[in-house]
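Trainee: Here you go, one structure.
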There are 2 protein chains.
Amino acid sequence: MPIISHKAKAMPSSPIRKLVPFAEAAKKRGVKIYHLNIGQPDIETPESFLNAVKGWDVKVLEYSHSAGNESYRKKLCNYYKEYNINVDSNDIIITCGGSEAISIAMMTCFNPGDEIIIPEPFYANYNGFGCAANVVIKPIISSIESGFALPLIEEFEKVITPKTKGIMICNPGNPTGYLYTKTELEELKVLVKKHDLFLLSDEVYREFCYDGKEYISVMQLEGIENNVILLDSISKRYSACGARVGAMITKNKDVMASALKFAQARLSPPSYGQVGAEAALDTPKSYFEAVKTEYIARRDYVIEALNKIPGVFCPKPSGAFYCIARLPIDDADKFCQWLLESFSHKSQTVMLAPATGFYSTPGAGKNEVRIAYVLKIEDLKNAVECLEEALKQYASQTS
Amino acid sequence: MPIISHKAKAMPSSPIRKLVPFAEAAKKRGVKIYHLNIGQPDIETPESFLNAVKGWDVKVLEYSHSAGNESYRKKLCNYYKEYNINVDSNDIIITCGGSEAISIAMMTCFNPGDEIIIPEPFYANYNGFGCAANVVIKPIISSIESGFALPLIEEFEKVITPKTKGIMICNPGNPTGYLYTKTELEELKVLVKKHDLFLLSDEVYREFCYDGKEYISVMQLEGIENNVILLDSISKRYSACGARVGAMITKNKDVMASALKFAQARLSPPSYGQVGAEAALDTPKSYFEAVKTEYIARRDYVIEALNKIPGVFCPKPSGAFYCIARLPIDDADKFCQWLLESFSHKSQTVMLAPATGFYSTPGAGKNEVRIAYVLKIEDLKNAVECLEEALKQYASQTS
């Protein structure tokens, strides 16, 4: 029997997957589970999106342009303009979800063995894309006490080696919900320029910025236009995760020309998703306002309720729909499994994502969990009640 | 300005892309172009597919399962059974087109520097996927005189080194249209077993087998179940290239477990395409019979007409919708460009794919072109007339 590759062996599993069998077993026992573990919003996809797909009078479902339909890319430029991101349709490659944007960007920019610095905790799948591209991820810790603000530039400098080729951020952040300030991004800019690094920025949550705080894109940073690559997706924006439509955007012509070769090899991004996404660009502002109002209410409820639980600390995020909470527990992986395997309260329990999966540094995040506040407030209330009760029982059991 | 990766620089461009600007210029001059250069069928997508998407009453367009919807995978097993391919839904990962199936299979099976042998001419994008996975493709020539039959096993043996980890075939073949016989596949089996190699087989054209010749899948080869990986796509089957739905299929549990980690990192395949593809499994046999009848008529016309042109030799393919023709020319790249740039006949010309792009061996295929007979017979007639006239002019011009 032939042997699989080293890469295949090293490829990380999602930290949540390990919990799935326990969740399934709990369901079989009749326990209702509140899923705060995944970023699958319950928000409805805009009708403009769904109706465009339904109404698309296609006879032959052809390949689209490898960079995505031109009409969609042209219209996207107007969308970005509203966020002060000035791009041309030739600066955009439509990808199969944000995932493919990350893959193509990594393969285009980095050689096997090159290092990229990512503030942790970070989106766990970056590890998978890094592994696939043979890129070495160098984490630097952003602290829960600071609400996961950008680590000091000195911390970046400490891990920069001749192999360092890039920095990657997520803004607003998954899993932290942190929204980088203008000052932070300007500091990053200086660093990026000094070492001539690529700066990859995953900004798929830009529609989810709260409290009037300003979202600033790396595309707005002047003087590093050739260093910057924006990674985007409509999955969260239009609650259209299944469409698989993302984008890789850069002003760097070399990167774009090469990325296009990767895009051409895989022929084209999905047609239906593009048709929906193009129509959804006309989604009225009221849709996003309603969504935002809903998420703010959820966030405000969750953060307050969590911080009321003895021993729990959860900084208030300004973006996305996640928060990281520190719990009075020994081991988040053990605790999250225990919640599904051994605990129930009024025949209910809660599924959380152990934060360990979002850190690369061994041992980091051991008493933290990521909570995706993607449920209705009523459900969030029950979920938090479960968590509070669980922490009591867990403490008495392990003490 | 940071430098792109070696891989990005080495990534091959599609051989046809170079011709696109010349085609655009010809169109601007008012010249009608018959496109025999691409495998985009003009056949209509089955109504069952299109109607399923239109009728899908989805409110939240969620991620699907990373391996693809279970209902689709289960139903697919019945489809494969009709081709004597016995698989379980857990042996299947639904991918974003056949392209992603190839990428994931390569990353799962091969280490950087590993070698895979591919009979050439082969589908040009294999070069791109090989480059992305840092796999070295070792071509061995299948001859036009034999109609592109499998090269002798001795030819494979000659290029096998300690680094050889796999063999890849396309059956029925793009760009050759060749359909491997049972004897050829049994010979390959012995070789694969002897050296314990992975055998990757791209069988996306199985619906297009002619003259009553039997399509045999590598999945039917007994005793090498752990070596075999089937790469599939619905793009040609249902003329649904834009759906981006493919599949990677294997009985090898190690490969499947690892491939699933790559699939999980990118979250899920496109939802709309899966809904259409699942419904299309009920496409009546009459649809395929009608399509086949049409392609047989096109093939019969094209092959006969081409072989009537002085100096042209084109073996008759038994599958897919391509043929490779040898022309009385010095340089196919030059000729194909000349057709667009300097030639027209009754304000018409023809766009062909130079076969050089389908060979890895330098200089191979220099007097060959690939013709995709994806147009109506009436158009094919005009296209062949153009080609005949062009060859006359080209000969007098270069002699």
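The values are calculated or read from the model by the stated rules, or taken from the named source; none is laboratory data. Given the structure is predicted, the values throughout are model-derived calculations rather than measurements. Because the Cβ atoms are built from the backbone with ideal geometry, glycine has one as well, and the counts that use them run over all protein chains shown. Side chains are part of the model used for accessible areas, which takes the heavy atoms of the whole protein and leaves out ligands, DNA and RNA. Shrake-Rupley method; radii C 1.70, N 1.55, O 1.52, S 1.80 Å.
Trainee: Specify which of the listed residues (B:Lys182, B:Lys194) is open to solvent by 20 Å² or more (accessible area, probe 1.4 Å), farther than 20 Å from A:Ala265 by Cβ and within 13 Å of chain A (Cβ to nearest Cβ).
Mentor: Criteria check complete, one pass: B:Lys194.
Trainee: Related question: Take the range B:339-362 and flag every residue that is in contact with a Gly (Cβ under 6 Å, 6 or more places away or on another chain) and of a type in the set (A, V, I, L, M, F, W, C).
Mentor: B:Ala355
Trainee: Take the residues in the range A:122-139 that are open to solvent by 10 Å² or more (accessible area, probe 1.4 Å) and outside any helix (DSSP H, G or I), then tell me which one is nearest to the other protein chains (Cβ to nearest Cβ).
Mentor: A:Asn134
Trainee: Return yes or no: is A:Gly246 crowded, with 23+ Cβ neighbours inside 10 Å and either touching a residue at least 60 places away in the same chain (Cβ under 8 Å) or touching a helix residue (DSSP H, G or I) at 6+ places or on another chain (Cβ under 8 Å) (or both)?
Mentor: In short, yes.
Trainee: In the range B:154-176, how many residues are in contact (Cβ under 8 Å) with a residue 40 or more places away in the chain and in a loop (DSSP other than H, G, I, E, B)?
Mentor: The qualifying residues number 9.
Trainee: Tell me, yes or no, whether the range A:14-27 has at least one residue that is buried (at least 16 other Cβ atoms within 10 Å of the Cβ), in the same structural domain as A:Glu388 (by TED's automatic domain parsing) and farther than 22 Å from A:Ala383 by Cα.
Mentor: yes
Trainee: Specify which of the listed residues (A:Val275, A:Val291, A:Val312) is β-branched (Val, Ile, Thr), more than 8 Å from chain B (Cβ to nearest Cβ) and open to solvent by 20 Å² or more (accessible area, probe 1.4 Å).
Mentor: A:Val275
Trainee: Would you confirm, using the coordinates I've provided, whether B:Phe110 is within 14 Å of chain A (Cβ to nearest Cβ), in contact with a Lys or Arg (Cβ under 6 Å, 6 or more places away or on another chain) and modelled with pLDDT of 95 or more?
Mentor: Yes; evaluated as a whole, the condition is true for this residue.
Trainee: Any residue in the range A:277-297 that's touching a residue at least 60 places away in the same chain (Cβ under 8 Å) and over 26 Å from A:Leu380 (Cβ atoms): show its pairings with residues that are charged (D, E, K, R) and assigned to a loop (DSSP other than H, G, I, E, B) at Cβ separation under 6 Å, as long as the two are six or more apart or on different chains.
Mentor: Final answer for the pair search is none.
Trainee: So A:Met256 fits all but one of (1) crowded, with 24+ Cβ neighbours inside 10 Å; (2) closer than 16 Å to A:Ile94 by Cβ; what number is the exception?
Mentor: Against the list (1) crowded, with 24+ Cβ neighbours inside 10 Å; (2) closer than 16 Å to A:Ile94 by Cβ, A:Met256 comes up short only on (1).
Trainee: Looking only at the range A:41-55, filter to residues that are touching a residue at least 40 places away in the same chain (Cβ under 8 Å) and surrounded by fewer than 17 Cβ atoms within 10 Å (Cβ to Cβ); which one of those is nearest to the chain's Cα centre (by Cα)?
Mentor: Among residues in the range A:41-55 that are touching a residue at least 40 places away in the same chain (Cβ under 8 Å) and surrounded by fewer than 17 Cβ atoms within 10 Å (Cβ to Cβ), the one nearest to the chain's Cα centre (by Cα) is A:Asp42.
Trainee: Let me ask something additional. Of the residues B:Arg326, B:Arg299, which single one is open to solvent by less than 40 Å² (accessible area, probe 1.4 Å), of a type in the set (Lys, Arg) and under 21 Å from B:His35 (Cα atoms)?
Mentor: Sole residue among the options that is open to solvent by less than 40 Å² (accessible area, probe 1.4 Å), of a type in the set (Lys, Arg) and under 21 Å from B:His35 (Cα atoms): B:Arg299.
Trainee: A:Ile169 passes all but one of (1) closer than 25 Å to A:Arg370 by Cα; (2) within 13 Å of chain B (Cβ to nearest Cβ); (3) of a type in the set (Val, Ile, Thr); (4) open to solvent by less than 10 Å² (accessible area, probe 1.4 Å); which number fails?
Mentor: (2)
Per-residue answers, yes or no, for (1) within 14 Å of chain A (Cβ to nearest Cβ); (2) open to solvent by less than 60 Å² (accessible area, probe 1.4 Å); (3) under 15 Å from B:Ala247 (Cβ atoms):
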residue	(1), (2), (3)
B:His65	yes, no, yes
B:Gly68	yes, yes, yes
B:Leu76	no, yes, yes
B:Glu82	no, no, no
B:Asp91	no, yes, yes
B:Ile94	yes, yes, yes
B:Ser99	yes, yes, yes
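Trainee: Next up: Among the candidates A:Ile167, A:Ile216, single out the residue that is of a type in the set (Val, Ile, Thr), out of contact with any strand residue (DSSP E or B) (no Cβ under 6 Å at 6 or more places or on another chain) and under 28 Å from B:Arg266 (Cα atoms).
Mentor: A:Ile216
Trainee: Starting from residues that are over 19 Å from B:Arg298 (Cβ atoms) and within 12 Å of the chain's Cα centre (by Cα), keep the ones in the range B:197-210 and report whichever is farthest from the other protein chains (Cβ to nearest Cβ).
Mentor: B:Glu203
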